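One structure is given below, encoded as structure tokens.
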Amino acid sequence: MIVFDLRCARDGHVFEAWFASSAAFDEQKARGLLSCPACGAGEVEKALMAPNVAAKGNRGVMAAEAKALLAKVAAAQKQALAGSRWVGSDFAAEARAMHVGEKPDAPIHGQASLAEAKQLADEGVPIAPLPLPVVPPKAVN
């Protein structure tokens, strides 16, 4: 896993995001899956980052602890999503339809803009962000 500082092109908000690799960031950006959590802007770029230099002597211990913690979070998220269906950009509509009884309740996950997420929360739709990014399943042709 790798963390990048990202900056939205619209308002300059800077935020952190975790990716499986630098290539995973590039793939998600190319597919339009990234957005600013502050304003929902879809145009984000890598921001300049200060190097993460650990104090001499504890570098290996801290890295190992961080890696172990991240692995636990990733495993918990994987388990939580095991019975969930990916709905992609239809997340807000699907969640709302379930909330009002137009569709049966079912575990789903997908993507929503910040504005959509705020609106769902205001409507009382129970939603929660995932701690780590999800790579959507590839479309089957």
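Summary table below
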{"quantity": "Extreme residue, nearest to ALA75 (Cα to Cα), among residues of the range 35-53 that are among the aliphatic types (A, V, I, L, M) and surrounded by 16 or more Cβ atoms within 10 Å (Cβ to Cβ)", "calculated": "VAL44"}
{"quantity": "Unmet requirement for GLY32, which otherwise passes all of (1) modelled with pLDDT of 90 or more; (2) open to solvent by less than 60 Å² (accessible area, probe 1.4 Å); (3) not hydrophobic (A, V, I, L, M, F, W, C)", "calculated": "(1)"}
{"quantity": "Selection count where residues are in contact with an Asp or Glu (Cβ under 9 Å, 6 or more places away or on another chain) and small (Gly, Ala, Ser), scope the range 1-20", "calculated": "2"}
{"quantity": "Residue satisfying all of: in the range 13-30; without any contact (Cβ under 8 Å) to a residue 40 or more places away in the chain and in a loop (DSSP other than H, G, I, E, B); nearest to VAL3 (Cα to Cα) among these", "calculated": "SER21"}
{"quantity": "Looking only at the range 98-128, and only at residues there that are in contact (Cβ under 8 Å) with a residue 60 or more places away in the chain and assigned to a loop (DSSP other than H, G, I, E, B), the one that is surrounded by the most Cβ atoms within 10 Å (Cβ to Cβ)", "calculated": "GLN111"}
{"quantity": "Residue that is modelled with pLDDT under 90 and surrounded by 15 or more Cβ atoms within 10 Å (Cβ to Cβ), where the choices are PHE19, PHE15", "calculated": "PHE19"}
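The values are calculated or read from the model by the stated rules, or taken from the named source; none is laboratory data. Everything quoted here is computed from the prediction, not taken from an experiment. For neighbour counting, all protein chains shown are included, and Cβ atoms are generated from backbone atoms with ideal geometry for every residue, glycine included. What goes into the accessible areas is simple: the full protein's heavy atoms, side chains included, and nothing from ligands, DNA or RNA. Shrake-Rupley method; radii C 1.70, N 1.55, O 1.52, S 1.80 Å.
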